[in-house]
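Read the structure below first, then the notes.
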Amino acid sequence: MRNNMPNDRSIAYFTMEIALEPGIPTYSGGLGALAGDTIRSAADLKVPVVAVCLLHRQGYFYQRLDAHGHQTEEPVAWAINDFLTEMPERAAVHLEDRTIHLRAWRYEVKGISGFVVPVYLLDADLPENSDWDRRLTDRLYGGDEWYRLCQEVILGIGGVRMLRALGYRDLKRFHMNEGHAALLTLELLNEEAQLHGQDTLGHEAIEAVREKCIFTTHTPVAAGHDQFPLEFLAKISGNFNLSVDQQDVFAVDVQQRIFQYNGDFTRVPELAQRGVRLNMTYLALNLSNYVNGVAKKHGEVSRLMFADYPVDAITNGVHAATWATPPFQALFDRHIPGWREDNFSLRYVLNIPEEELWAAHQQAKENLLEYVNRETNAGLDVDVLTLGFARRAASYKRADLIFTDRERLRRLAREAGPLQLIFAGKAHPKDQPGKDLIRRIFQAGEALNRDIKVAYLANYDTWLARLLTGGVDIWLNTPQPPNEASGTSGMKAAINGVPSFSTLDGWWLEGHLENYTGWAIGVGAPGCQECVDEADCLYNKLENVIIPKYYQHRAGFMEAMYGAIALNGSFFNTQRMVQQYVVKAYL
Ligand SMILES: *Cc1c(COP(=O)(O)O)cnc(C)c1O
């Protein structure tokens, strides 16, 4: 266990969620999938990273759906000891007038050559803690906003303290994967104060912390940017024995205005009365020397949102070997030896004969349909054009756009060629519009039943995500621009030769090449000049381009399959992405 020395680590990666393997439910969606893929690629590339997350004993939630698409949530049951090793070291944080004791569980991510990136999952379930405190690391994105802030104290402040307790002393960079980890900056300020024997920090201390910090922002949607009542600051102030000298450490926004908080807790009531809130995004922005969005467009949108800050962009990716389905792993192993070590070489897929590519795809599709039919009794047919859609059931993602005009959809399937649809995705327990969306998809499926088969799979997770992204013929994505920061499921599909059919937002603005990597949905986009709205584009292109290619011009359809892998699989991977982080942020 103690074989790899903490002092060979220079980069600490902090994340509120991470998808390590299918049995470990410490993630909810794209952010966690990205964190897991990042760490896998860091291990492959031997980047000296150590990662920190919370244990999430009950995970996000286990999703059950009844026959009408009504969602209920259960805690995820999992055997922690089967996956993780408990560490003997302890750390502590303060909440109100209490001390919360923490332990860490270690998971090892092994790279392609055996290099290990350790991941420490923090756990407050210790007998020394009160019953309420013991539950603080149970539920990802559960509870109220105070529960959430407590979790962020544990992640950011507790995480730094735990790393120190574990012997990580030479960390040069602290990467915050989203604002949830922003409080780590305050613990680094504490350390500066201690180091210099001061209780008032000057400009140099703040610069020293800023030098170490990297912040990746992941969404332009407001709910993705944590804000807390300013009064909470007093409840967590036991963690800071510093006051900050006239400097710009906390900035909190009210209707676009930025206030600077100078560390004087007596001013909290006055500021709170003026509506000032504690904003984790601004805290991270203020104390980071490198900030980035997760796709080119998202960088632009973020620069508009945070006009006073330089925001760069590094486009997301996925871990190619993780997301390639077994038939595609075998295909690549046969034809492109070394593709796992060097994802760029996926462009040589162009040399693979069509029959072999098609056979691998049909095998992946059979594996998927076997599961779908067993789970849902949908009776899907392997020779029918199959569209997949799976992601968080958030309203802006518009999972039901394809059902805007059911009669038209029914007609085009009858006249142009048959279609079948597979959906999956969870709605946050408190997201009623998201839950309604799932029910509407069930209703549409029932209404269309004889003409277009629709299956909705429960409990979308990374295991299902690979089966689904790799096994459908077309990956559908219909977010309302510009809300999709990047999106990664289309990248998982691309690795498996599954073209995307998507609105032009997020990564697809960079990955889209009409007919060669997939198809665009959007008034004015290639092939959509005459469309009246996005639903019209969707139907027109299905009817006039995609369905005819699939059934009558297979070689044309396969051009997009080859392009998905050669142009997008070779680029939209975390191997390329982590290399960019190394060059732009870590070095
Ligand atoms: C990849 C993945 C996501 C993210 O998909 P998006 O297209 O980015 O929304 C969400 N959930 C799971 C389980 C995933 O594997």
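Please determine whether any residue of region 447-454 is away from the ligand (no atom under 11 Å from the Cβ), outside any helix (DSSP H, G or I), at pLDDT below 95 and among the acidic types (Asp, Glu).
There is at least one residue in region 447-454 that is away from the ligand (no atom under 11 Å from the Cβ), outside any helix (DSSP H, G or I), at pLDDT below 95 and among the acidic types (Asp, Glu).
Quick one: in region 414-429, of everything that is open to solvent by less than 10 Å² (accessible area, probe 1.4 Å) and hydrophobic (A, V, I, L, M, F, W, C), which residue is farthest from the ligand (Cβ to nearest atom)?
Leu419
So in region 372-382, with the set limited to residues that are of a type outside the set (D, E, K, R) and surrounded by fewer than 19 Cβ atoms within 10 Å (Cβ to Cβ), which one is farthest from the ligand (Cβ to nearest atom)?
The qualifying residue farthest from the ligand (Cβ to nearest atom) is Gly379.
With the requirement that a residue be at pLDDT below 95 and open to solvent by 30 Å² or more (accessible area, probe 1.4 Å), what does region 493-531 give you?
Val523, Gly524, Pro526, Gly527, Gln529, Glu530
Going through region 536-556 one residue at a time, which ones are touching a residue at least 40 places away in the same chain (Cβ under 8 Å) and open to solvent by less than 10 Å² (accessible area, probe 1.4 Å)?
Listed by number, the residues that qualify are Leu538, Tyr539, Lys541, Leu542, Ile546, Ile547, Tyr550, Gly556.
Kindly list the number of the only condition in (1) within 30 Å of Ala566 (Cα to Cα); (2) open to solvent by 60 Å² or more (accessible area, probe 1.4 Å); (3) in contact with a Leu (Cβ under 9 Å, 6 or more places away or on another chain) that fails for Leu368.
(2)
Matching residues to (1) of a type in the set (Lys, Arg); (2) open to solvent by 50 Å² or more (accessible area, probe 1.4 Å):
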site: Val384; (1), (2): no, no
site: Leu401; (1), (2): no, no
site: Glu407; (1), (2): no, yes
site: Arg410; (1), (2): yes, no
site: Tyr456; (1), (2): no, no
site: Leu464; (1), (2): no, no
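Does at least one position in region 365-378 carry a residue that is part of a strand (DSSP E or B) and among the aliphatic types (A, V, I, L, M)?
No, region 365-378 contains no residue that is part of a strand (DSSP E or B) and among the aliphatic types (A, V, I, L, M).
So that you can scan it fast, the table gives a plain yes or no per residue for (1) more than 16 Å from the ligand (Cβ to nearest atom); (2) in contact (Cβ under 8 Å) with a residue 40 or more places away in the chain; (3) not assigned by TED's automatic domain parsing to the domain that holds Gly490:
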{"site": "Asp312", "(1), (2), (3)": "yes, yes, yes"}
{"site": "Thr322", "(1), (2), (3)": "no, yes, yes"}
{"site": "Leu346", "(1), (2), (3)": "yes, yes, yes"}
{"site": "Leu350", "(1), (2), (3)": "yes, yes, yes"}
{"site": "His361", "(1), (2), (3)": "yes, yes, yes"}
{"site": "Glu370", "(1), (2), (3)": "yes, no, no"}
{"site": "Phe389", "(1), (2), (3)": "no, yes, no"}
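Which residues, counting only those in region 133-162, are open to solvent by 10 Å² or more (accessible area, probe 1.4 Å) and in contact (Cβ under 8 Å) with a residue 24 or more places away in the chain?
Answer for region 133-162, where residues must be open to solvent by 10 Å² or more (accessible area, probe 1.4 Å) and in contact (Cβ under 8 Å) with a residue 24 or more places away in the chain: Arg139, Tyr141, Gly142, Glu145, Trp146, Arg148, Arg161.
For the subset of region 455-472 comprising residues that are within 16 Å of the ligand (Cβ to nearest atom) and aliphatic (A, V, I, L, M), which member is farthest from Gly388 (Cα to Cα)? It would help to see each step written out before you state the result.
Initially, region 455-472 is screened for residues within 16 Å of the ligand (Cβ to nearest atom), giving 456-472.
From the residues that got through so far, the ones that are aliphatic (A, V, I, L, M) too are 457-458, 464-465, 467-468, 472.
On the way: Leu457: 11, Ala458: 14, Leu464: 12, Ala465: 10, Leu467: 11, Leu468: 7, Val472: 6 Å.
Once the filter is applied, the top-ranked residue is Ala458.
Can you go through Ala560, Ala494 and tell me which one is in contact (Cβ under 8 Å) with a residue 24 or more places away in the chain, assigned by TED's automatic domain parsing to the domain that holds Arg410 and in contact with a Lys or Arg (Cβ under 9 Å, 6 or more places away or on another chain)?
Going through Ala560, Ala494 in turn, just one is in contact (Cβ under 8 Å) with a residue 24 or more places away in the chain, assigned by TED's automatic domain parsing to the domain that holds Arg410 and in contact with a Lys or Arg (Cβ under 9 Å, 6 or more places away or on another chain): Ala560.
Of all the helices (runs of 4 or more DSSP H) wholly in region 230-346, which have at least 2 residues that are of a type in the set (A, V, I, L, M) and modelled with pLDDT of 85 or more?
280-286, 296-305, 320-323, 326-335
Might you check whether a residue that is of a type in the set (Ser, Thr, Tyr) and more than 16 Å from the ligand (Cβ to nearest atom) occurs anywhere in region 4-18?
Yes.
Run down Leu102, Leu45 and say which single residue is touching a residue at least 60 places away in the same chain (Cβ under 8 Å), away from the ligand (no atom under 16 Å from the Cβ) and open to solvent by less than 10 Å² (accessible area, probe 1.4 Å). Lay out the reasoning, then the answer.
Working: Leu45 fails: open to solvent by less than 10 Å² (accessible area, probe 1.4 Å).
That would be Leu102, the only listed residue that is touching a residue at least 60 places away in the same chain (Cβ under 8 Å), away from the ligand (no atom under 16 Å from the Cβ) and open to solvent by less than 10 Å² (accessible area, probe 1.4 Å).
When you look at Glu21, is it over 30 Å from Lys235 (Cβ atoms) and either of a type in the set (Phe, Trp, Tyr) or part of a loop (DSSP other than H, G, I, E, B) (or both), yes or no?
Answer is yes for this residue.
Check Arg374, Arg398, Arg406 and return the single one that is at pLDDT 95 or above and under 27 Å from Glu484 (Cα atoms).
Arg406
The values are calculated or read from the model by the stated rules, or taken from the named source; none is laboratory data. Quantities reported herein were computed from a predicted structural model and do not represent experimental measurements. Note that each Cβ is placed from the backbone with ideal geometry, even for glycine, and that neighbours are counted across all protein chains shown. Quick note on the areas: whole protein, heavy atoms, side chains included, nothing else; ligands and nucleic acids left out. Shrake-Rupley method; radii C 1.70, N 1.55, O 1.52, S 1.80 Å.
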